[in-house]
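Visitor: Take this structure, written in structure tokens, and hold onto it; I'll ask about it next.
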Amino acid sequence: MKVAVEGKPCEARAGESILALLARNGIEVPQLCYHPSLGPLQTCDTCLVEVGGRLVRACATPVQDGMQVAAQSGHARKAQLDAMAEILRNHNMYCTVCDNNNGDCVLHNTVYRMGIESQAFEPKGYPVDDSSPFYVYDPDQCIACGRCVEACQNLVVNEVLSLDWSQGRPRVVWDRGAAVDRSSCVSCGTCCTVCPVNALMEKSILGQAGYVTGILKSVKDRMVDAVKEVETSFSPLMLLSTVEGEIRKGLVKKTKTVCTFCGVGCTFDVWTRDRKVLLVQPSPESPANAVATCVKGKFGWDFVNSPDRLVEPLIRTENGSFREASWEEALALVARRFSEVKAKDGPDAIGVIASCTGTNEESYLTQKLARAVIGTNNVDNCSRYCQSPATMGLWRTVGYGGDSGGIEDIEAADLVVIVGSNTAEAHPVLASRVKRARKLHGQKLAVLDLRRHEMAERADLFLRPNPGTDLVVLNAIGKYVLDQGWEAKEFIASRTNGFAEFQASLEPFTLDYAEKVTGLPRDQIIRLAAMIHESKGTCILWAMGVTQHQDGSETSTAIANLLLLTGNFGRTGTGGYPLRGHANVQGVSDFGSLTGYLPGYQKTSDPEVRKKFEAAWGVRLPEGTGLNSEMMVLAAEEGKLRAMYLMGEDKILADSDQGRMDKVLSGLEFLVVQELFLTRTAQYADVVLPAAASLEKEGTFVSTERRVQRLYKALEPLGGSKPDWAIIQGVARALGADWDYTHPSQVMEELAPLTPMFAGVTYERLEGFHSLQWPIAADGSCSSCLYTERFAFPDGKARFYVTKFIEPIPTSKEFDLYLNNGRMLEHFHWGNLTWRNPGLVEKVPEMFVEVSPELAASRGLKDGDTVRLTSPAGSAKTKVLVTDRVSGNVLFLPEHGQGEAAVNRLSTDKVDPSARTPAYKEIPVRMEKLESCPVPTPPLPRTNPRFARRNPRPGVEVEKKWARPDYVPPEKR
Amino acid sequence: MAKPIATIEGAPASETAEKVQASAEAAAEAEFRRLLVLAHERGVLQGLSHLLEEPDAALGTATDWATQPGNLAVVKHALRFYNTLQSIDPRAVQELLNGLDGAAKAAVTTRDDGRVLGFWGLLRALRDPDVNRGMRFLLRMAAGLGRSVGKPKA
């Protein structure tokens, strides 16, 4: 297409906006409300350009062939200046003392480049809202661009913010006019990220970003007033603030990293000043999250500088305490004791557990230490507790143990089915994609869960089966599909094996049987079957609600079977997605810290594979499979496992049956724990090695969508702590190995040629925000969507796998209630990171058990009462929260408690027989009231967003602005 | 049996301190220490420390000073002067300055014959092309001044 801009011809692309055309040709026009992740909002009118004598908004006007655009002269320029004057009526410019002027303040830079010299600021008179522990809203600085509203409503779809265009001076409101801290705001912080000015500011950066921004507010206000009194032109001060903003780059360091919390793999720049974490700033180029974050990723980094951080190695003394020691002494002790145990009882008397929040390089070195230095295959990782059954199910059916597509496939699906996952709290940024697809594009959503969580509230269909019966639901759907002739016949014939046997295995799963076992009415099962049949593409997401059952592997397999049956693999917008809960749950197994597997899932039992690694490492490798994490516990009880090396896993809290774990850890001859804090597990150690946080090291993670991404070092390790890879090397060298890695990139250079799945991974290919999704060929090519041509089996075909239903532990007369458990948005894992964050603790200060209203009424319970929960394994004590998120005799206890409310005081020793994952979700309990709260007081404070009601809106609703009597449309300017 | 413990005894000095840097770095450190001593002897460090410790007081003082009416007027004048300088055409200023230069030189170098100049003498002087040109320049300046002064105030 040919267009002319300022009389000069330009090539235009079909479908692009005038704004995009101008940007591509280096022609600047102001654009305050436009954001690449949000699209055109049309609220600021600063991008007005003249086309054929008419003023139009460049952001929202597509180019047309033959267009003549005047962007920087005459009428257009005047219109832009008028729009800027209106913007500046709403925002007081004091850039030199503003924490937002860091070179990227949209308004400052626009004013400077346009040469605007003055403003006629009029305060709006609304008070500052400082109620949130995380951010502040200053309405007097708000230019009502609506970016925050659009982000909240249609990007992360938390649906809290709106713009009140009916007010004399429009402003942003939370819910229907609540204070921030009394609203449904989940503190994702995305509004702060997209705000182009300092109206929405993260509290952590206030007073920190500039040389003079930390002045006392009363003095700052007087200074600003004094300057405003005398200034006749912005010019000198804009020069000063622009230069100062430039100089600030020497104060504030910006480092790209990958979030350390869940497995979505959000990436962002972390801004630091010395050791302070000022803020987290995601970018449109972040592949998994763009500009979205959740409360933990955006605001949850206080733990990095916690005074509780371990900074020196600790050695247990005879008199019941730890003493600090040097690294030389600690590593020498570790080497001596491991050698003694090995000499006495053999290398298999030692077990090593890698961390799911350690890097890929650290996983590789952990398994290399275990296999090549200690001489044992007893190496595993914490995915044993949660994700191994999902991996098992996928291995059995499609070949690769990972998500079969990317997050964009989930967003593109016609139907998303969520089974056993509280996605909005455990994987908030991923859930945003589902919510967005549903809200903006009509994607259908079905949820199977025991709890009515946010995704269940939003679902087109919410099924609440009896606990532990998901497999029956799925197989009944499969049988119904077959009975109706809805199976994907051509797909099955050409791309699968084992169909006949599978079909026969579904015979018992009639609707009658399913109704009886699951408690679901048959029409709900039929409806879900119909939804899958009618959809053009279905994705099934699942998590611990499926995997932490005795039949976790079976149910995961059933999910894959159903997807194969309906042809929902190998195409965009289809597939199976086990949602990995930790930053590197996927990678720690991918890179070999997994029983029975070397890096890239190459079997330790394969002699050719062993030979390859023996040649590379220069040692003879042990044969056999080794013990996984759960088997190590059994071996320790039998006296066969005498020593353990645990990294980044609070095993006493994470393993089931805490009483049993206490005996196991206490009974070990030698225990080494590598951690950031003196966790409950570290308190059992003989030697504690202080590890660096993720912000303090380099490396790579693999996210839930198989995406390999780099993290860069933002801070030096605190005190004497070291990155895990350096510590593991230290242990190896103390044991006589000649490792001499000086940087994690060398580890990747070593392992990539040995690991076909990661053959093409190099640090250069992962520079900045670049990423690769495995499998990655040697030339660096890869694909988000798996199985488009073949499944990961020798003949390229998927395999139906016959499943069996394992009945969950039943309730009984003695233990008549069912205890479910899981994650909360505000906390992470066992809380070692998040209980140290004042803002998060303010939102969720303690644990509680959710009790349904009907159960509370029948037991005489109310909010705040203290109860004891007792299971066959032990007991716990906590407060009651009455809520309809649970129903009947099903309770819910969040998993983040460490003391008396720790959930694994109650879990039993039942496991998934295939994956050996504890059946954490199968806990029958009885409940006794211990103490009555005089006045019903929920253990969750009223400032928790769960008590407020969201305010769904279509977005900015700019039409309301245009309808205001004081608004002059462009055509009339 | 290893009971869990949560107490850490006081720490000895770390034996893992890094070794002293190379001699070039040691020399740089020595020079930096000398710089610090000099700054201290001249009171620079103390002043900076005070400013950093109590910036609000200093800034508050400076602000209060600047907002005294007389001082405020000075600052306003200075800024107005700055704005005026921004808007003046340098070429016009150059022409004026050249003219003043010529005028000054002529006044100094041309001999004054002491005769009293009456009305007719002025008219005769206007016939001199240079004098006439000079008068026209002055009249243009007067017109410009009059236009500027006569503009309605913003």
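Visitor: If you go through the stretch A:430-441 one residue at a time, do you hit one that is assigned to a loop (DSSP other than H, G, I, E, B) and surrounded by 20 or more Cβ atoms within 10 Å (Cβ to Cβ)?
Guide: The answer is no, given that none of the residues of the stretch A:430-441 is assigned to a loop (DSSP other than H, G, I, E, B) and surrounded by 20 or more Cβ atoms within 10 Å (Cβ to Cβ).
Visitor: Residues of the stretch A:465-486 being buried (at least 20 other Cβ atoms within 10 Å of the Cβ) and either in contact with an Asp or Glu (Cβ under 6 Å, 6 or more places away or on another chain) or of a type outside the set (V, I, T) (or both), which ones?
Guide: Those that are buried (at least 20 other Cβ atoms within 10 Å of the Cβ) and either in contact with an Asp or Glu (Cβ under 6 Å, 6 or more places away or on another chain) or of a type outside the set (V, I, T) (or both): A:P465, A:P467, A:G468, A:D470, A:L471, A:L474, A:N475, A:A476, A:G478, A:K479, A:Y480, A:V481.
Visitor: Of everything in the stretch B:1-25 that's outside any loop (DSSP other than H, G, I, E, B) and loosely packed, with under 11 Cβ neighbours inside 10 Å, which residue is modelled with the lowest pLDDT?
Guide: So the residue we want is B:S23.
Visitor: Within the stretch A:699-716, is there a residue that is touching a Leu at 6+ places or on another chain (Cβ under 7 Å), on the phi > 0 side of the Ramachandran plot and not in a loop (DSSP other than H, G, I, E, B)?
Guide: yes
Visitor: Additional query: Within the stretch A:918-936, work out how many residues are farther than 21 Å from A:N889 by Cβ and either in the same structural domain as A:T547 (by TED's automatic domain parsing) or surrounded by 14 or more Cβ atoms within 10 Å (Cβ to Cβ) (or both).
Guide: 2
Visitor: Please verify whether the stretch B:103-111 includes one or more residues that are farther than 21 Å from B:L145 by Cβ and at the interface with chain A (Cβ under 9 Å from one of its Cβ atoms).
Guide: No, the stretch B:103-111 has no match at all.
Visitor: Could you tell me which residue of the stretch B:48-97 is farthest from A:V219 (Cα to Cα), considering only residues that are among the charged types (D, E, K, R) and within 11 Å of chain A (Cβ to nearest Cβ)?
Guide: Per the stated criteria, the residue is B:R80.
Visitor: Hey, another quick one. Confirm whether A:G519 is touching a strand residue (DSSP E or B) at 6+ places or on another chain (Cβ under 9 Å), modelled with pLDDT of 95 or more and more than 12 Å from A:I477 (Cα to Cα).
Guide: no
Visitor: Another question about this same structure. Only one of A:L206, A:L240 is more than 24 Å from the chain's Cα centre (by Cα), at pLDDT 95 or above and either within 14 Å of chain B (Cβ to nearest Cβ) or closer than 24 Å to A:P307 by Cα (or both). Can you tell me which?
Guide: A:L206
Visitor: I'd like to check which strands (runs of 3 or more DSSP E) are fully inside the stretch A:1-88 and have at least 2 residues that are buried (at least 16 other Cβ atoms within 10 Å of the Cβ) and either touching a residue at least 40 places away in the same chain (Cβ under 8 Å) or touching a helix residue (DSSP H, G or I) at 6+ places or on another chain (Cβ under 8 Å) (or both).
Guide: Those strands (runs of 3 or more DSSP E) span A:2-5, A:48-51, A:54-57, A:68-70.
Visitor: Also: So A:T681 passes all but one of these: (1) in contact with a helix residue (DSSP H, G or I) (Cβ under 7 Å, 6 or more places away or on another chain); (2) farther than 14 Å from A:Q898 by Cβ; (3) polar (S, T, N, Q). Which condition number does it fail?
Guide: So A:T681 meets the others, but not (2).
Visitor: Here is a further query. On the given criteria, is A:V106 within 30 Å of A:E244 (Cα to Cα) and surrounded by fewer than 20 Cβ atoms within 10 Å (Cβ to Cβ)?
Guide: Considered against the rule, which asks whether it is within 30 Å of A:E244 (Cα to Cα) and surrounded by fewer than 20 Cβ atoms within 10 Å (Cβ to Cβ), A:V106 comes out as no.
Visitor: Kindly indicate the residue of the stretch A:287-331 that is in contact (Cβ under 8 Å) with a residue 40 or more places away in the chain, within 14 Å of chain B (Cβ to nearest Cβ) and assigned to a helix (DSSP H, G or I) and also surrounded by the most Cβ atoms within 10 Å (Cβ to Cβ) among those meeting that condition.
Guide: That would be A:A330.
Visitor: Quick check on the stretch A:612-659: of everything there that is assigned to a helix (DSSP H, G or I) and within 14 Å of another protein chain (Cβ to nearest Cβ), which residue is farthest from the chain's Cα centre (by Cα)?
Guide: Among those residues, the one meeting the criterion is A:E637.
Visitor: In the stretch A:447-462, what count of residues is obtained for those that are of a type in the set (K, R) and in a loop (DSSP other than H, G, I, E, B)?
Guide: Going through the stretch A:447-462 one residue at a time, the tally reaches 2.
Visitor: Within the set of pairs 6+ apart or on separate chains, which have a first residue in the stretch A:204-230 that is free of Cβ contacts under 8 Å to residues at least 40 places away in the same chain, a second that is buried (at least 20 other Cβ atoms within 10 Å of the Cβ) and among the hydrophobic types (A, V, I, L, M, F, W, C), and C-beta atoms under 7 Å apart?
Guide: Partner pairs satisfying both residue conditions: none exist.
Visitor: A further question follows. Go through the stretch A:332-358 and count every residue that is polar (S, T, N, Q) and without any contact (Cβ under 8 Å) to a residue 12 or more places away in the chain.
Guide: 0
Visitor: I'd like the full set of residues that are among the polar types (S, T, N, Q) and either more than 8 Å from chain B (Cβ to nearest Cβ) or surrounded by 23 or more Cβ atoms within 10 Å (Cβ to Cβ) (or both), limited to the stretch A:660-687.
Guide: Correct list: A:Q674, A:T679, A:T681.
Visitor: Given the condition within 9 Å of chain B (Cβ to nearest Cβ) and not in a helix (DSSP H, G or I), answer yes or no: does some residue in the stretch A:216-228 qualify?
Guide: Within the stretch A:216-228 (the criterion being within 9 Å of chain B (Cβ to nearest Cβ) and not in a helix (DSSP H, G or I)), the answer is yes, since at least one residue qualifies.
The values are calculated or read from the model by the stated rules, or taken from the named source; none is laboratory data. Because the structure is a prediction, the values reported are computed rather than measured. For neighbour counting, all protein chains shown are included, and Cβ atoms are generated from backbone atoms with ideal geometry for every residue, glycine included.
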